[in-house]
Amino acid sequence: MSEQKEDKESWGKFVLDVAIIWTVLMGIFFLLFHFVLSNDTVSGSSMQPNFENGQHLISVRHAEIKRGEVVIVKAPDEPGALYIKRVIGLPGEKIVSKNNQIYINGKRLAQPWLTKGRKMTDMGSDTDFSATQNFTMVSLARSRQFQQYYTQSQLSYINKYNRIPKGTYFVMGDHRSISKDSRYIGTIKRKNIIGVVKLRYWPFNEM
């Protein structure tokens, strides 16, 4: 009887230990993905051919944001929706697009992420994925659609300096010809950038 009792106590302790360990691990997992990481899924084709619809990504919250990095942002025009875009212009910079080239503060920006898109065209047309219309911040700010995303002081800053408003980022999709990005929905505030993409874990063959 004594041995059976000891076996039951031992088994009960084992189950309790496993439950505690599992609870701790789940707590760490929850905190990690709530405060440090973000698990996101690509929706749509605006980042083709580099990112495809349905792919799963891990992004790092509160990471330093650099030009050329891919970020997950809160959609200004669709409450609750998230967009995946690439950072092109930083706060306070002058950005100009001319003849499918981007110029930052007067210097042409190398865009290796568009290489694949230059060889691809939209279905049923001869428009390259990488096609980018001509624009400046001032020309964009003239549209009524664009104006709704800015305060009057931001619009005054844009019209006076022709630069990206302070505290915001100019983001674009790699599939330029169809992407709904800062050319249409304005620049993105830092607080609305969820995280910087660091890992594509699905599908495995494109990790």
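Positive end of the charge dipole of the chain (Lys, Arg +1 and Asp, Glu -1 on Cβ, about the Cα centre): tell me which of MET26, GLN147, ILE65 has its Cα farthest that way.
Going by the Cα projections, it comes out as GLN147.
Cα axis of helix 2-31 to longest principal axis of the chain: angle in degrees, 0 to 90, nearest 10?
So the helix axis and the longest Cα principal axis differ by about 10 degrees.
With the Cα gyration tensor of segment 41-202 giving a ≥ b ≥ c as the square roots of its eigenvalues, does the rule (a/c under 1.5 for rounded; else a/b larger than b/c for prolate; else oblate) give rounded, prolate or oblate?
Numbers: a/c = 1.60, a/b = 1.20, b/c = 1.33.
Oblate, since a/c reaches 1.5 and b/c is not below a/b.
HN-Hα J couplings of segment 82-88 from phi, Karplus 6.51/-1.76/1.60, θ = phi - 60°, integer Hz, Gly and Pro as x?
Once rounded to whole Hz, the list reads 10, 10, 10, 9, 10, 6, 10.
Could you look at the chain and say what percent of its accessible area is carbon and sulfur, using a 1.4 Å probe and all protein chains?
Summing carbon and sulfur atoms, their accessible area is 56 percent of the total for the chain.
Could you tell me the distance between the Cα centroids of segment 49-109 and segment 130-207, to the nearest Å?
7
Which one, VAL60, VAL36, VAL96, has the greatest fluctuation when you compute a Gaussian network model over the chain with C-alpha springs under 10 angstrom?
Greatest mean-square fluctuation among the candidates belongs to VAL36.
Taking the Cα atoms only, what angle lies between the long axis of helix 152-161 and the longest principal axis of the chain, rounded to 10 degrees?
On a 0 to 90 degree scale, this one is about 50.
Pop the C-beta distance of GLN145 and ALA75 into the FRET formula with R0 = 22 Å and round what comes out to the nearest 0.05. List each step's numbers first, then the result.
Working: r = 14 Å, r/R0 = 0.65.
Efficiency, from the Cβ-Cβ distance: 0.95.
How many nm is it between the label spots at LEU37 and VAL138, if each spot is 7 Å from the Cα in line with the beta carbon?
For LEU37 paired with VAL138, the spin-label model returns 4.7 nm.
Where only protein heavy atoms count, and the probe is 1.4 Å, what is the accessible area per residue for the chain in Å²?
60
About its Cα centre, what dipole magnitude does segment 41-202 give when the only charges are +1 on Lys and Arg Cβ and -1 on Asp and Glu Cβ, stated in debye to the nearest 20?
Roughly 620 debye for segment 41-202.
The values are calculated or read from the model by the stated rules, or taken from the named source; none is laboratory data. Here the structure is a predicted model, which means the values were calculated and not measured. Cβ sites come from the backbone with ideal geometry, for glycine too, and all protein chains shown count toward neighbours. Remember, those area values only see protein heavy atoms, side chains included, never the ligands or the DNA or RNA. Shrake-Rupley method; radii C 1.70, N 1.55, O 1.52, S 1.80 Å.
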